[in-house]
Amino acid sequence: MARFSAIVMALLGLVLLGGGAWLIALGGSWYYAIVGLGFLVTAYLLWRHSPTALWIYALVTFGSLVWAVYEAGFDWWRLAPRGDVIVIVAVWLLMPWVTRELRNPERPHHASAFSWNGLPLTAAVVAGIAVAAYAMATPTNDLSGALPTASAAEAKPNSNIPDGDWPVYGRTDAGLRYSPLTEITPANVAGLKVAWTYHTGDIRGEGDPVETTYEVTPLKIGKTLYLCTPHDIAIALDADTGKQRWRYEANVGKNINRQHQTCRGVTYDAPASAAEAATCKTRILLPTSDARLIALDAETGKLCEDFADKGVIDLSANMPDLTPGFYYSTSPVVVARGLIIVAGAVNDNVSTQEPSGVIRAFDETTGKLVWNWDSGNPDATQPIAPGQTYTHNSPNSWSILSADPDLGLVYVPIGNAPPDQFGGNRTANDEKYSSSVVALDILTGQVRWVFQAVHHDLWDMDMPAQPELIDWHGPDGVVPALLQPTKQGDIYLLDRRTGKPLLPVTEKPAPTGAAKGDKTAPTQPISTISFNPARLTESDMWGATMFDQMACRILFRSLNYDGRYTPPSVKGSIIYPGNFGTFNWGGVAVDPVRQVIFATPVYLAFTSTLIPRANDTANYVSDGKPGLNENYGAPYAAKMEPFLSPIGLPCQSPPWGYVAGVDLRSGQTVYQHKNGTVRDLSPLPLPFKMGVPGIGGPMVTAGGVAFYSGSLDYYARAYDVTTGRKLWEARLPAGGQATPMTYQGSDGRQYVVIVAGGHGSTGTKAGDAIIAYALPK
C-alpha cells in the first residue's frame, strides 16, 4: 500500500508542480510548486518504504497550515480548499496499512517505524483540525449593527391606496416595496403558515428560451389578486382563498428568438372616463412578449374592445429592424396623469441594427399615441408620422418605470446601446443616455434631466432597477429624492426634481486599455452609498480543492484585471461585479418612515472576451439563436460567462450573497450578513450557509419585517429590518426569484405572497406556485 500511495502522491505532485510552475511564470504564488515538490519527495520516500516520508509530509502539512492562515485568516470557506486535500492525504499516510510498510531497510524485521516518525505528522493533523474548528466557530464576512428604530419621517397616508392593498408593482408608483401593514412583526413572524396555494399551469419546458422565468409580483385591489405568468397568461384570484376568478391567455406561443420569456407584472387602471361604462370600468393592462399591450376588464378578464384596436395596442408599430422575438415588453406599464407609459426590451448583443428603445405614452381612454421619446432622436417627442420608424439600436428601458404625478415626471431606467461590449460606433445620444436614469415630462415626453451612472458602458451595466422615490430627511430638511440601485453596486440618492446628487458622488479614475477602435471613460461616478466589493486578488481565488483553486489562480493571472471597470479584451477580462449585477431588476426595499434601506447585494465575477470578426460592417440581423454575443455590425463578437473553475464552481471565494441594511440619513451600511445555503446548488443537499447569489427583490413592512425569496436555494425568508437577523424560513417547491408582496384579507389577516416558478438562466427548478402565508386564525 505504501507504493500505491507513492504513485498517487507522485501524480498529485506532478500536477501541483506543473500548475505551480505555470502560476509562477504568470507572476503568481510559489506555494503550489513548492508543495508539489514536497509531494514528489514524499512519493519517492514512500516508494523506498522510508519512514522519513512522514517527516517530509509533516513539513508540507505544517507549512500549508501556516500559509493558509496567512492568506485566508480564519475564514472557514477560504481555508477549506487550502487544506482539505493536504489533511486527507496526511490522515491516509497515518493509516496502519501504510505505516506498517515503512521499515528500516537494514532492519527489515524491526517493528513498524510509525511509533516516533508519525508523531510530527499526527501533530500537524491535530493542529489543522484545531484551526478548522476555530475557523468554523469564528464569524467572518459579517457586519453587525442596528438600524434606527425611531421614525425619521411622518408616514404619509394616501387615501387612494388602502393600507391593505398592493395596487401597483412596487405598491405605489414610488416603487419602494413598502407596506404599512403591522400585524406581522419580528415577535410573531415565526408562526407564518401556508394559507393557500395556486398553481398557474404555466411551467418552463421544451421549446422555451433559456431565460424563461417567473419574476412577477402580484397586485391586490379590493378582494382580488392579479398576476401574469411567463407566457403572458393574466390571472385573477380571490385574495382570501386563492381560487381563480378568471384567466386570460394572450397566446404568445413559443419563440426561441426571445432572450427573456417573462412577465414581471400587470398594471391596474381605473380611468375616470370609464366610471359610468357598462364594462371595463377598471382594467388590467397586460404587456406581452410578442409586443402587444392588452387591456382586460378587471372584473371579467374579457378584452376591453373599445380601447385602442379592439383592446390591443401594437407595440411593434413604427419599429425598425423588426424580427419576431427581438422586441417585447416584460415589465408592467405606468399609468399617470391620464397616460399609459410603455417601455420595452430588445435582444441584447445580436446586432448593431436592433429595434428602438423608444418610450411611448398612450391616451388612457382611447389608446391613441400621445408622445414618444426616442433617445436616438430625443427632441422629437410629437407622435411619429405614419410610415416613419424610430431610431434603430437606441438604448432601451427593459425594467420598471416610476412616476411622480405631482412633479409631472416619469423616471426611466435606461439600458446600454447594443452591443454592450464595444462602443466604438456609438452616437453622441447613445453616449449621453446609456446606463442612466432619465426624467421625462409626463405630459410631453420632453427630457427634464438625465443622470448617468456608467460612462461609456462596456460591461452591460444597464440601469436595471425601478427608480425609488422617497422624501429624504437630510441635513437641510425634507427633499423629494430618487434612489437608484445599480448593477455595479452603487446606490445613488438624487434630487428627483433636478437629478442632482444629495449624497456625494465622486468621479474616480477608471482602468484604461480598451480594444482597438474603442475607448474607455477616464472616470466613473462612485456614490456615497456603495456596495462595490473590494478588488479581487489572487488569494481570493477559490475552489473545492487546492487543484481547482490553483486553476482559478492561473485563470486570474491569465486574464486582464485592473479592478472595477476593467474593459473587455481579446485576451479576456475579469468583470467584477459582473453583469448579473450587485443589484438587478429586484432593486432594494425602502422604509420611508424610518429612512432605511433593506438590500440583498450579490457578488459574482464574470469574464468578457472579445472575438475579432471579419464582417464588422455587415448590416445583418441574426436569427437570434442563443450562444455567443454575435454583435453583427461591430468588429468583435463577445463571450460573456461567469468566472468559474474547471469543475463549475465560482473562482472567487464566498460569500456571494448578503442581506444588508443602510441608514439613508448617513448613507452608511449598518449591517451585512451572508444569506442563503448551497442546499440546492450542490450535488448533495448540504445546508451550508455560504451566502449564495439571488435575483428578485425584497419587500419591507411597517411591522419591522423584510421578506425575500430570491436566493438560489428554494426558501422564502423573513428578517428583522433593524438587525438583518433571519426570523423565519419556509421551503419552496421551486425557485422563488420574484419580489414578494403583502396585503390584508377580508378576514383582517395580513398575507404574504411568494411566487415560486423558477428562473431559467440561474438554473433554479421550474414550477408554477403562487403561495400565500398568514398567521393562524
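The values are calculated or read from the model by the stated rules, or taken from the named source; none is laboratory data. This structure is a prediction, so every number in the text was calculated from the model and none was measured. A quick note on method: Cβ atoms are made from the backbone with ideal geometry, for glycine too, and the neighbour counts reach across all protein chains shown. Ligands, DNA and RNA are stripped out before the accessible areas are found, and what is left, the full protein with its side chains, is counted by its heavy atoms. Shrake-Rupley method; radii C 1.70, N 1.55, O 1.52, S 1.80 Å.
A protection proxy built from the mean count of other Cβ atoms within 10 Å ranks the segments 362-371, 188-197, most packed first, as 362-371, 188-197. For the chain, pairs of C-alpha atoms spaced more than 51 angstrom apart make up 19 percent of the total. Remark: the chain carries 37 Å² of accessible area per residue (probe radius 1.4 Å; ligands, DNA and RNA excluded).
Annotation: peptides 68-75, 568-575, ranked by per-residue average of other Cβ atoms within 10 Å with the highest first, follow the order 568-575, 68-75. By the Cα gyration tensor, the range 278-364 has an equivalent ellipsoid whose semi-axes, rounded to whole angstrom, run 26, 12, 10 from largest to smallest. Overall, the chain carries a charge dipole of about 2280 debye about its Cα centre when +1 sits on the Cβ of Lys and Arg and -1 on the Cβ of Asp and Glu, all other atoms neutral. As an equivalent ellipsoid, the range 522-599 spans semi-axes of 31, 17, 11 angstrom, where each value is the square root of five times an eigenvalue of the C-alpha gyration tensor, largest first. For Thr229, what is the net charge nearby, where nearby means another residue's Cβ is under 14 Å from its Cβ and Lys, Arg count +1, Asp, Glu -1? Net charge in that neighbourhood comes out at -2. Taking 0.36 nm per residue of separation and subtracting the current Cα-Cα distance, fully stretching the chain between Ile129 and Met95 would add 10.5 nm.
Count Lys and Arg as plus one, Asp and Glu as minus one, and take only other residues whose Cβ is under 14 Å from that of Ser608; the net charge is then -3. Comparing Trp656, Ala702, Gly735 along the charge dipole axis of the range 642-770, the residue lying farthest to the positive side is Trp656, per the Cβ-charge model.
Here the range 429-547 exposes an accessible surface that is 54 percent carbon and sulfur, computed with a 1.4 Å probe and the other protein chains kept in place. Peptide packing: for 521-529, 490-498, the average count of neighbouring Cβ atoms within 10 Å per residue gives the ranking 490-498, 521-529, highest mean first.
Under a 5 Å amide H cut-off, with hydrogens placed 1.01 Å from N, Ala514 pairs with Thr520 among residues at least 5 apart or on other chains.
Across the cross-link table entries Lys487/Lys516; Lys432/Lys519; Lys223/Lys310, which are compared at the Cα atoms, the separations over 24 Å belong to Lys487/Lys516; Lys223/Lys310.
Compared with the dominant principal axis of the Cα atoms in the chain, helix 31-47 is inclined by about 40°. Taking amide H as placed 1.01 Å from N in the peptide plane, Asn349 has its amide H under 5 Å from the amide H of Asp420, each at least 5 places away in sequence or on another chain.
Here the range 281-383 has 46 percent of its accessible surface on carbon and sulfur atoms, given a 1.4 Å probe and all protein chains in place.
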